[in-house]
Amino acid sequence: MVGPLEEGDPRRVGRYRVLGRLGAGGMGVVYLGRSPAGAAVAVKLVHAEFAADPAFRARFAREVAVARTVGGAFTAPVIDADPHAPSPWLVTAYLPGLSLAEAVAGDGPLPAASVFALGASLAEALVAVHRAGIVHRDLKPSNVMLAPDGPRLIDFGIAHAADAAALTRTGGVMGSPGFLAPEQARGGKTSTASDVFSLGAVLAFAAAGEGPFGTGDVVALLYKVVHDEPRLDGVADPELRGLLAACMDKDPARRPTPQELLERFVPRAPAPEVLHGTGWLPEPVARRVADRTLALPSRSRRKVLAVGGVAGAGTLVAAVTGAVLLEGSGGRKAAARTTASPTPSAPPSPVLAQARWTVDLGADPYGGLASAGTTLVVSAEEGRLICLDVRRRKTVWQHRKGNRGDGAASWRTPVVADGTLFVGWPDAPGALYAFDVRNGDQRWSATMTDALNPAVSGGTLFVGDTGALSALSTSDGRVLWRASIGNALNATPAIGDGLVYAGTSDGASSGGTANALHALDARTGRDRWRHPMTRGAQSPAVSGGMVYCADGAGTMTALDARTGAKKWDFVGGRTASDPFMSGGLVYVADGDGKVYALDAATGRTRWTWPTGTGTGVWTAGIARGVVVVAAVSEVFGLDAAGGRPLWRTGQLDKVRTVAVQDDAVYVGIQAGTLLAFPVKGA
């Protein structure tokens with residue numbers, strides 16, 4: 001887990017911002033950091049006692065240079081380093097999840113199938129490390145991470161650099177007693193075979209719940225490693241027990257190589273795509289990995305905004321996230337019917353997209369993002385409203401209102417239409433503002449209880465608050481009508497064919513008028529029809545004479561836009577995003593990490609693609625035949641017609657907001673960075 005920074009800890013190391021402590025050890029302190037582009041990284045800062053040793057610095061520089069060449073699917077790559085800094089440092093990819101030590105301590109030994117899977121992964125990792133000319137020297141349960149995308153071996157690349165310095169200074173042993181090889185315990189020469197011994201000890205720990213030499217003080221453990229045979233009676237599987245015994249042979253020459261181990265582990269390991277997730281782990285451990293991944297610092301929900309795609313909604317449609325459960329039912333079900341190719345068993349590997357540019361906003365863009373032409377407006381924390389010219393990547397203007405001091409966004413979700421920015425301010429008295437998007441000049445303001453998710457059509461602005469839906473003139477903010485339909489604050493209205501559709505919710509499972517999708521005359525505000533929802537209506541989408549809306553109990557419903565008659569229901573995974581419409585298809589994503597394309601007329605599934613994130617994803621928009629979806633810390637581009645994965649951004653900081661326009665995808669992340677990706681991924 002990430003701990004708070006202590007007095008004396010740095011706030012920046014090199015170009016990396018330091019956010020919290022991940023741990024400390026004999027080599028130094030490990031921090032959670034952020035790269036300039038907002039990627040989460042592990043920053044390892046070497047202790048001053050090593051930094052004062054010129055021999056250490058020279059060796060550290062050589063070892064890091066080699067470590068940066070290490071590839072492999074099951075290692076944490078070295079990203080950056082400075083061996084010449086006053087305190088040398090090393091940066092690797094940050095892997096959220098659990099260490100093997102934490103997993104076994106919390107849920108007990110792993111079953112044999114999981115240990116074979118882990119053995120195959122770590123053997124492959126050692127093949128990559130050894131191929132680069134590195135001996136790990138400190139392979140132990142805390143250096144094995146169980147991450148959402150598979151197990152990883154960490155902390156190679158600096159152990160050798162510290163080896164000579166530690167032995168010369170203290171006469172001690174580099175490594176972890178109980179998991180190091182006998183030759184290391186004697187202070188002798190280490191080799192790749194030493195890592196194999198440690199691998200056997202780590203896998204024995206995973207299978208039995210304790211190390212093969214038990215516990216005790218350092219001297220006792222070192223004696224056992226040198227003189228005693230490993231205890232493997234807790235390893236029930238005979239084949240596994242034999243492999244581990246071979247790994248921990250006292251004679252390095254008799255131990256198998258990592259490649260030989262890989263060939264022995266693979267036949268009883270799951271398919272490769274399973275290893276690149278958490279499906280190989282027992283369910284309780286997989287759940288803890290997912291929980292730990294989602295537990296990274298996050299202040300509230302993210303907002304996902306899209307340009308275009310809904311008839312009559314102006315130049316920008318705000319598809320604000322509101323994750324909903326997809327477990328309920330009602331009416332004609334569409335979940336089980338498919339008309340296209342079967343769902344793939346595992347996500348293919350899309351191309352890694354490269355950001356065209358990044359901009360440091362200096363603030364968490366929690367409040368949302370509005371895109372129009374070459375202008376991008378960001379609502380960020382502490383009341384900051386920032387307007388950017390995306391061609392020059394320069395700030396055109398910015399406002400700062402108040403100083404709330406709690407890190408939360410002050411301005412509500414922005415929306416741009418016809419050269420005007422509309423955005424709400426929540427503090428009492430609440431207000432809705434209109435700004436000239438060119439220069440930031442205020443055009444008008446109107447008092448509102450709150451104004452979270454506005455939508456624009458023609459010369460009318462529709463916005464919900466805690467008690468009603470209101471229509472205002474976009475030219476002067478004059479209220480045209482106000483309909484008391486209940487709490488319409490959390491759903492973005494949709495407009496089409498002279499009607500405005502608004503979802504209301506009281507947060508309870510009562511159904512009825514408090515939880516419903518309402519259709520009102522867009523000119524007068526008069527009720528046309530109302531469809532009860534089990535637990536509140538989310539943001540609807542309207543197209544082709546149909547309106548689509550998900551409720552908080554888990555069902556997405558398709559209704560006749562004029563009459564409110566139900567056409568079909570769809571039940572997917574645990575949760576779902578608000579629906580997004582384009583080209584006769586409804587796109588929706590769920591909390592299990594899957595994206596669906598549904599036939600808009602029938603609800604039949606055209607295609608499904610599992611992102612492999614294991615967490616909720618949100619539909620963000622579509623442009624040039626590419627559907628863009630956002631996950632907790634990654635964004636994907638899929639072929640809209642067939643669901644083929646085209647690109648992914650790779651791990652980012654917490655994704656706060658996404659806007660899609662023409663050929664660009666703009667991503668705002670918690671670290672205060674805005675990134676621009678090509679919509680085609682290249």
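The modelled label-to-label distance for the pair Glu229/Arg62, using points 7 Å beyond Cα in the direction of Cβ, is 4.0 nm. Taking other C-beta atoms within 10 angstrom as a stand-in for reagent exposure, Leu598, Leu95 fall in the order Leu95, Leu598, fewest first.
Karplus-derived 3J(HN,Hα) values for region 381-393, using 6.51 cos²θ - 1.76 cosθ + 1.60 with θ = phi - 60°, are 4, 6, x, 9, 10, 10, 10, 10, 8, 6, 6, 9, 6 Hz; glycine and proline are entered as x.
If the limit is 24 Å between Cα atoms, which of Lys189/Lys250; Lys140/Lys250; Lys654/Lys680; Lys140/Lys654; Lys44/Lys140; Lys44/Lys594 go over it? Please report the intermediate quantities before stating the final value.
Numbers: Lys189/Lys250 14 Å; Lys140/Lys250 18 Å; Lys654/Lys680 22 Å; Lys140/Lys654 30 Å; Lys44/Lys140 18 Å; Lys44/Lys594 35 Å.
From the list (Lys189/Lys250; Lys140/Lys250; Lys654/Lys680; Lys140/Lys654; Lys44/Lys140; Lys44/Lys594), the Cα-Cα distance tops 24 Å for Lys140/Lys654; Lys44/Lys594.
Distances between placed amide hydrogens fall under 5 Å for Arg21 paired with Gly3, Leu5, Leu32, all partners being 5 or more residues away or on another chain. 3J(HN,Hα) along region 662-673, derived from phi through the Karplus expression 6.51 cos²θ - 1.76 cosθ + 1.60 where θ = phi - 60°, amounts to 6, 10, 10, 10, 9, 10, x, 10, 4, 5, x, 10 Hz, with x in place of Gly and Pro.
Counting every Cα pair in region 12-293, what percent are over 35 Å apart?
Here the tail beyond 35 Å accounts for 13 percent of pairs.
For a quick protection proxy, order the peptides 439-447, 354-362 by their average other-Cβ count within 10 Å, most packed first.
Working: 439-447: 13.7, 354-362: 15.3.
Going by the mean number of other Cβ atoms within 10 Å, highest first, we get 354-362, 439-447.
Taking trypsin sites (Lys or Arg not before Pro) across region 589-659, the ones in a DSSP loop with at most 15 further Cβ atoms lying within 10 angstrom of their Cβ are Arg624.
Partners of Lys394 within straight-line reach, counting aspartates and glutamates whose Cα lies under 17 Å from its Cα and excluding those fewer than 8 residues away in the same chain: Asp360. Ranked by the mean number of other Cβ atoms within 10 Å of their residues, highest first, the peptides 233-246, 38-51, 659-672 come out as 659-672, 38-51, 233-246.
Which of the peptides 6-13, 376-383, 182-189 is most tightly packed, and how do the rest follow, going by the mean number of other Cβ atoms within 10 Å of each residue? Please list the in-between numbers first.
Details: 6-13: 11.4, 376-383: 25.2, 182-189: 16.4.
Top to bottom by mean Cβ count within 10 Å: 376-383, 182-189, 6-13.
Using a Förster distance of 51 Å, how high is the FRET efficiency between Trp357 and Ala220, based on the Cβ-Cβ distance and rounded to 0.05? Intermediate values should be presented prior to the final figure.
Numbers: r = 58 Å, r/R0 = 1.13.
Between Trp357 and Ala220 the formula returns 0.30.
Amide H to amide H distances under 5 Å link Gly367 with Ser379, Ala380, Glu381, where only residues 5 or more positions off or on other chains count and H is placed in the peptide plane. Residues in region 15-24 carry Karplus couplings, in order, of 9, 9, 7, 9, 10, x, 9, 9, x, 9 Hz; the curve used is 6.51 cos²θ - 1.76 cosθ + 1.60 with θ = phi - 60°, and Gly or Pro positions show x. In this structure, the amide hydrogen of Asp418, modeled 1.01 Å from its nitrogen in the peptide plane, lies closer than 5 angstrom to those of Thr315, counting only residues at least 5 positions away or on a different chain.
Since every read-out is calculated from the coordinates, none of them should be taken as a lab result. If you're wondering where the values come from, they're calculated on a predicted model, not measured in any experiment. Quick reminder, even Gly has a Cβ in these numbers, built from the backbone with ideal geometry, and neighbours come from all protein chains shown.
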